[in-house]
Amino acid sequence: MNIYRILDKLKYFPQDLKHFYQRAKKGYSFRDVWSIDYWFMEIMPQMLTDLKKKKHGCPVQFTHNEDGTEKDFAKAMEEWQSVLDRMIFCFTEMNDDTCSMKNEYDKEYSRLKIEEYKNNMKNEGFELFSKYFWNLWD
């Protein structure tokens, strides 16, 4: 680490401490409010990934077949995991920094296709998020 990075860290330490305190007290800092969309795109895939790793169960709608018979628990968990994977993927793809579609050549139509793709990912991600909102706990 060079000297300038160390000096920057020291310079911004009081602000970082203030944001740390705000997050501890309120659950967010005013820095998060500046760009709620960016905060969401950064945090949500991480939170869903942690939920997926630590989950012990799945929503009841995955535990029964269409005819009402009970489904194998491993199969139900696999289906729930695939829903979580899709939400993680969608929320990752809607972020400029993590989207897999890149504009290799600065052509307008390419940029528009990428924006349309990211918007579709956002819509699909929020659709799944809304559908399973009450099940995002463990």
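The values are calculated or read from the model by the stated rules, or taken from the named source; none is laboratory data. Please read all numbers here as calculations on a predicted model, not as lab measurements. Every residue, glycine among them, receives a Cβ derived from its backbone with ideal geometry; neighbour counts consider all protein chains shown.
Identify the residue in region 29-73 that is of a type in the set (Ser, Thr, Tyr) and over 22 Å from ASP138 (Cα atoms) and, among all such residues, is nearest to the chain's Cα centre (by Cα). Once the filter is applied, the top-ranked residue is TYR38. In this structure, does LYS18 turn out to be over 23 Å from MET121 (Cα atoms), surrounded by 11 or more Cβ atoms within 10 Å (Cβ to Cβ) and not aromatic (Phe, Trp, Tyr)? Taking the combined requirement at face value, the residue satisfies it. Screening LYS55 against (1) of a type outside the set (Gly, Ala, Ser); (2) closer than 30 Å to ASN135 by Cα; (3) not assigned by TED's automatic domain parsing to the domain that holds PHE73 leaves a single unmet condition, (3). Pairing residues of region 117-135 that are among the small types (Gly, Ala, Ser) with residues that are surrounded by 13 or more Cβ atoms within 10 Å (Cβ to Cβ), at Cβ distances under 6 Å and at least 6 apart in sequence or on separate chains, gives GLY125/MET87; GLY125/CYS90; GLY125/PHE91.
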